[in-house]
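Since every read-out is calculated from the coordinates, none of them should be taken as a lab result. Computed from a predicted structure; not experimentally measured. Cβ: placed from backbone, ideal geometry, glycine included. Neighbour counts: every protein chain shown.
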Amino acid sequence: MSRIGKRPIRLPAGVTVTLAGRDVSVSGPKGDLHWTHPAGLRVISKDGLVKIEQESGDEGGGALHGLTRALIANMVQGVAEGFAKKLKIVGVGYRAEVTEQGLRLLLGFSHPIDFPAPPGIAFALDKNIITVSGIDKQLVGETAARIRALKPPEPYKGKGIMYEDEQVRRKPGKAAKTVGVGTGAS
């Protein structure tokens, strides 16, 4: 039995969990999320707590016990508070602007890149910091990773798109040789 899976999930004020068979629906002030949990587990919601239990006699449910609890906890946190990832744009001439459809990025290519916002994702821009926010933790992380993949930071000058707290390992460039190599002096 999973140590993480055994811990109950406390529901904040304004968040409700609805169970219908294997379908789990979480509603809160920021929106609604739905998920179907795997077979072999039982989700119980009562008295402001959600518990995940392994069904007796099912061997496969134990492997997904902690995962199921973590995913439902992320759903509860998402509809109550939301999630956000911050990306930093570094480079001369690199910039972004928020449009009606999503983001328009100028990253040193010959053309601007239009990045459409997936449903449930909002973009905010503060100078060179892009904030990707939403209620679905997986979708927020995936969207931030797709934006970063458009121009990952390069190791020599550190230019590109990186997470706000990311440290880029810098490499030294070619060093100029100063000791009479190739001058013919002996």
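Pairs over the 31 Å Cα-Cα cut-off, from the set K127/K157; K137/K174; K86/K174; K85/K171; K46/K88: K137/K174; K86/K174; K46/K88.
Can you tell me the order of 65-75, 11-21, 146-156 when each peptide is scored by its average per-residue count of other Cβ atoms within 10 angstrom, highest first?
Values: 65-75: 20.0, 11-21: 13.5, 146-156: 15.2.
Order by mean packing, descending: 65-75, 146-156, 11-21.
Residues whose amide H lies under 5 Å from that of A117, counting only those 5 or more places away or on a different chain, are G102, L103; hydrogens are built 1.01 Å from N in the peptide plane.
In order along the stretch 90-100, the Karplus-derived 3J(HN,Hα) couplings, from 6.51 cos²θ - 1.76 cosθ + 1.60 at θ = phi - 60°, round to 10, x, 5, x, 7, 7, 9, 9, 8, 10, 5 Hz, and Gly and Pro are given as x. Each residue, Q101 and A124, gets one label point 7 Å from its Cα in the Cβ direction; the gap between the two is 2.5 nm.
Seen against the Cα atoms of the chain and their longest principal axis, helix 65-80 is set at about 80 degrees.
Here the stretch 95-134 is scanned for amide nitrogen atoms under 20 Å from the site 7 Å beyond the Cα of Y156 along Cα-to-Cβ, giving 107-110. Once the Cα-Cα distance is subtracted from the 0.36 nm per residue extended length, the D165 to Q138 segment shows a gain of 7.8 nm.
Using 0.36 nm per residue, how much length does the chain from L19 to A175 gain when fully extended, once their Cα-Cα distance is taken away?
Extra length from L19 to A175 when fully extended: 49.7 nm.
D for the chain, whole µm²/s, Stokes-Einstein with Kirkwood Rh over alpha-carbon pairs at 20 °C and 1.002 mPa s: what number? Before the final figure, lay out the partial values.
Values: Rh = 19.9 Å.
Answer, rounded: 108 µm²/s.
Backbone amide hydrogens, once placed in the peptide plane, bring G31 within less than 5 Å of nothing, excluding anything fewer than 5 places away on its chain.
Cβ under 14 Å from G66's Cβ, G66 left aside: what net charge do those residues give with Lys, Arg +1 and Asp, Glu -1? Numbers along the way, then the final one.
Values: positive: R3, K6, R7, K51, R69; negative: E53.
Neighbour charge sum, excluding G66 itself: +4.
In plain terms, the bigger the Kirkwood radius, the slower the diffusion; for the stretch 82-169, with that radius from Cα pairs, at 25 °C and 0.890 mPa s, Stokes-Einstein puts D at 188 µm²/s. At 222 nm, what helix-only mean residue ellipticity would the chain give, in deg cm²/dmol to the nearest 500, using -39500 (n - 2.57) for each DSSP H run of four or more? Calculated mean residue ellipticity at 222 nm is -5000 deg cm²/dmol. Neighbour counts of C-beta atoms inside 10 Å place E100, E164 in the sequence E100, E164, starting with the fewest. Helix 137-148 axis versus longest C-alpha principal axis of the chain: approximately 10°, rounded to the nearest ten.
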